[in-house]
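K.L.:
Take a look at this one; I'll ask things after.
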Amino acid sequence: MTQFLNTIRHYDFATYLKLHQTSDDFVFLHRFFDLFAKYGILIPFLAFIYLIWTKRINALICSFFAMALAGIADLTIYLFWQRPRPYVTHAEQVSLNPDNYTVDMASFPSSHTYLAFAVATSIFLYGHKKLGAFLFLVAIGIAASRIATGLHYPSDTIGGALLGVSAGIFAYIIVHKSEKYWE
């Protein structure tokens, strides 16, 4: 079992380092990832304006509920395991300007990633297929940018994506079954 976990850690770091170094090699890519890592999370929240504008309040409630569920799960994980961020663990191999980011929490799971996937999943399940598909692409971009900028390992973003999708599905089931009580 230890050998298996060490192999996963090796590939996790190798994938992370490759994406991070590729980002550093291309100025445009580096700037794009840097911008998207910081501000990409705003795009799913802008979808809330659309939901309010089109009076899709159930989808909005579902998204907030999904984010809350994912946040509770993240807090639970944080209480039991605090994985250090890659730029802390591998400071000699990773360049990161800490002034550009506010990072004080643990690395696993990626909060930006689970929030983006929770919103995308709940909106997609509520029948907004085009907006949901677009938000899934944004969520993937957020996950990749968090790796490329040195803030997360790939497994952190995979865990965040799984957490966000699970929370979105669970929130959809609960909200959809509860609709009959408030309509």
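Where a number appears in this text, it was derived from the coordinates with a stated rule and is not lab data. Since this is a predicted model, take the numbers as computed values, not measurements. Because the Cβ atoms are built from the backbone with ideal geometry, glycine has one as well, and the counts that use them run over all protein chains shown.
K.L.:
Between helix 111-125 and the chain, what is the angle of the helix's C-alpha long axis to the longest principal axis, kept within 0 to 90° and rounded to the nearest 10?
P.N.:
That works out to roughly 30 degrees.
K.L.:
Which of the lysines could a cross-linker bridge to LYS38, judged by Cα under 23 Å and excluding same-chain residues fewer than eight apart?
P.N.:
Straight-distance partners of LYS38: LYS18.
K.L.:
Per-residue counts of other Cβ atoms within 10 Å, averaged by peptide: what ranking do you get for 124-131, 50-57, 149-156, highest first?
P.N.:
Values: 124-131: 16.9, 50-57: 13.2, 149-156: 25.2.
The packing order, highest mean first, is 149-156, 124-131, 50-57.
K.L.:
Relative to the longest principal axis of the C-alpha atoms of the chain, give the angle of the C-alpha long axis of helix 2-25, reported between 0 and 90° and rounded to the nearest 10°.
P.N.:
With rounding to tens, the tilt is 90 degrees.
K.L.:
Dipole of the chain (Lys/Arg Cβ +1, Asp/Glu Cβ -1, origin at the Cα centre): which of ILE147, TYR11, ALA118 lies farthest to the positive side?
P.N.:
The residue sitting farthest along the positive end of the dipole is ALA118.
K.L.:
Using +1 on the beta carbon of Lys and Arg, -1 on that of Asp and Glu, and nothing else charged, what's the dipole of the chain about the Cα centre, debye to 20?
P.N.:
Numbers: 13 positive and 11 negative charges, 123 e Å.
For this selection, approximately 600 debye.
K.L.:
Let me ask something additional. Between PHE136, PHE108, PHE28, which gets the highest mean-square fluctuation from a Gaussian network model of the chain, Cα cutoff 10 Å?
P.N.:
For the chain, modelled as a Gaussian network with Cα springs under 10 Å, the answer is PHE28.
K.L.:
Right, here's the next one. Mean residue ellipticity at 222 nm from the helices of the chain, using -39,500 (n - 2.57) per DSSP H segment of n ≥ 4 over the full residue count, to the nearest 500 deg cm²/dmol?
P.N.:
For the chain, the value works out to -26000 deg cm²/dmol.
K.L.:
Could you state the number of Å between the C-alpha centres of region 45-69 and region 119-183?
P.N.:
12
K.L.:
When ranked by the protection proxy of mean other Cβ atoms within 10 Å per residue, highest first, what sequence do the peptides 72-80, 16-24, 159-167, 41-49 form?
P.N.:
My ranking of the peptides, most packed first, is 159-167, 16-24, 41-49, 72-80.
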